[in-house]
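The values are calculated or read from the model by the stated rules, or taken from the named source; none is laboratory data. It should be emphasised that the depicted structure is a prediction, and the values quoted were computed from it without experimental measurement. Note that we place each Cβ from the backbone using ideal geometry, even for glycine, and neighbour counts take in every protein chain shown.
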Amino acid sequence: MFVQQDNKITVYGLWHQGIVAAACLANKGYKVVGCDIDHKIVDHININKLQVEEPGLSELIKKNLKKGNLKFSKDLSKEAIDSDYIFISYDTPVSDQDEVSLDIIFDTINVIKNNIKKDTIIIVTSQLPAGTTYIIQKIIDNQNIVYIPENLQLGNAIYRFENPPLPVIGAEKDYAFQKVNNLLKPFAKSWERTNIITAEMLKHALNTFLSMSIVLANEIGDLCEAIGADGRDVGKFLKLENRIGRNALTRPGLAFAGGTLARDVVALLKIANKNFVKTKFIKSIWDSNNDRKSYLNNRVLKLLGNIKNKKALILGLTYKVDTNTLRRSASIELIKNLSDKGVEIYAYDPALTDEQILSLPEIINFDKEIHKISEKTDIIIIMTPWPVFKNIDFSEIKKQIIFDTPSMFDKSKFQNLDFDYYTIGTNFKSEN
């Protein structure tokens, strides 16, 4: 069974996951239409204004628009009529309590359901509570539906779409599995198969496992701080053990945020509650991470001591490197907390737009001239580990406290400099 490249693929949802999928599929020669129930998103894309910056994505979109492989449309219903494949790829929003909202999913399904052909393949990749794909299947009355547990990452999404680390398709029907398997062979030669609800559960399990790793590393880091051990070295050397592995999340750090991991922990807790299953361990992951959210603010205040007339320089404001999103950014929360206590805030991030900077009134001075603005500050807090920060010549920086939350630098860098250098997972200064 071979997929014709002139088969039409329509991708619904263009915030991040969907726009990456649309661009990558088009780049393989498929004819792709991108749609979103929020027409403003389509308008922005048509003027090359993406909702979230992603390295290489803008160029990939331009390339395939020019080739004629990619276009964008506001007419959700019309585009469904002759689609051979439909992707439901919305980034499902989460509340402040990390509970997922499915409104955009079902609003879109209700708009397009009457125009979907019986042989159209529906591919759901949105992050949904287990069991949701079966509900979608009933609404559209189409048996050719599959679920794929997407595993993209902000800042590295194109590579991970083109080289899927978790090539699994949840499908009930052989026909649907074979069609999707062939469609996605340009990205992974071999796709594993399971049923739909197991694939949904796999996504929950993956993110909860990652959440567990972060929580464990953070608690080990707290113990290291208490007794004078180096949590960074503990995390680094754990990766030498092949049962753990070099990509494991073992370095002490901040609470997981952003909603991506948390929504799956919440989803499992809801499933447990609904089915009267005891999940004390999963609940402990949630509780420990919530406790961790106060760590950063408390540690900074402890390092500053008397905060009267104190000034802080925050380096890196985005949620993570290689993106410009500020959603659930620990830096923004820290800035607001310190500002509320009277600390003057100076900051820099290489990815922020003028509009984003203006939306942060707590910042007294935003300037890429780090050497210049650090003359006024008492502490430099490195948050997002942008590579440009590696170029800072600390020998030209006014002597002050350095709090390197992502452990960008080796402590030896500061051994001959008169800085009080701290990281997470240690409770000692650099040895001068």
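The table that follows gives values for the structure above.
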read-out	value
Positions within the range 280-299 being closer than 16 Å to residue 331 by Cβ and among the basic types (Lys, Arg), in sequence order	292, 293, 299
The range 315-352: number of residues that are in a loop (DSSP other than H, G, I, E, B), under 21 Å from the mean Cα position of the chain (by Cα) and of a type in the set (D, E, K, R)	5
Some residue of the range 174-183 being touching a Gly at 6+ places or on another chain (Cβ under 8 Å) and surrounded by fewer than 22 Cβ atoms within 10 Å (Cβ to Cβ)	no
Those residues of the range 206-237 which are charged (D, E, K, R) and either in contact with a strand residue (DSSP E or B) (Cβ under 8 Å, 6 or more places away or on another chain) or over 19 Å from residue 427 (Cα atoms) (or both), in sequence order	232
Pairs where the first residue, in the range 150-168, is in contact (Cβ under 8 Å) with a residue 60 or more places away in the chain and the second is part of a loop (DSSP other than H, G, I, E, B) and of a type in the set (A, V, I, L, M), C-beta under 7 Å, 6+ apart	154/52; 155/321; 161/152
Given (1) assigned by TED's automatic domain parsing to the domain that holds residue 365; (2) free of Cβ contacts under 8 Å to residues at least 60 places away in the same chain, index of the condition residue 272 fails	(1)
Matching option when the condition is modelled with pLDDT of 95 or more and surrounded by fewer than 19 Cβ atoms within 10 Å (Cβ to Cβ), among 89, 101, 73, 95	73
Of all residues making up the range 371-385, the number that are surrounded by 21 or more Cβ atoms within 10 Å (Cβ to Cβ) and not aliphatic (A, V, I, L, M)	3
Complete set of residues in the range 322-342 that are within 23 Å of residue 252 (Cβ to Cβ) and surrounded by fewer than 18 Cβ atoms within 10 Å (Cβ to Cβ)	328, 333, 337
All helices (runs of 4 or more DSSP H) inside the range 159-239 with 3 or more residues being within 30 Å of residue 86 (Cα to Cα) and over 26 Å from the mean Cα position of the chain (by Cα)	174-183
Residue among 345, 401 that is modelled with pLDDT of 90 or more, over 20 Å from residue 419 (Cβ atoms), crowded, with 17+ Cβ neighbours inside 10 Å and β-branched (Val, Ile, Thr)	345
Residue ID - nearest to the chain's Cα centre (by Cα), chosen from residues in the range 59-118 that are of a type in the set (Asp, Glu) and in a loop (DSSP other than H, G, I, E, B)	91
The range 245-291, residues that are assigned to a loop (DSSP other than H, G, I, E, B) and surrounded by fewer than 15 Cβ atoms within 10 Å (Cβ to Cβ)	245, 246, 247, 275, 276, 277, 278
Inter-residue pairs, beta-carbon under 9 Å, first closer than 14 Å to residue 267 by Cα and in the range 279-296, second exposed (fewer than 12 other Cβ atoms within 10 Å of the Cβ) and not acidic (Asp, Glu), 6+ apart	279/273
Filter result (more than 22 Å from the chain's Cα centre (by Cα) and in contact (Cβ under 8 Å) with a residue 60 or more places away in the chain) within the range 11-29	28
So residue 266, is it assigned by TED's automatic domain parsing to the domain that holds residue 400 and either modelled with pLDDT under 95 or more than 19 Å from residue 213 (Cα to Cα) (or both)	no
Residue 291 out of contact with any strand residue (DSSP E or B) (no Cβ under 7 Å at 6 or more places or on another chain), of a type outside the set (S, T, N, Q) and more than 22 Å from residue 128 (Cα to Cα)	yes
Subset tally (residues that are small (Gly, Ala, Ser) and either assigned to a helix (DSSP H, G or I) or touching a Lys or Arg at 6+ places or on another chain (Cβ under 7 Å) (or both)) for the range 4-50	5
Per-region count, the range 30-52, residues crowded, with 22+ Cβ neighbours inside 10 Å and within 24 Å of the chain's Cα centre (by Cα)	4
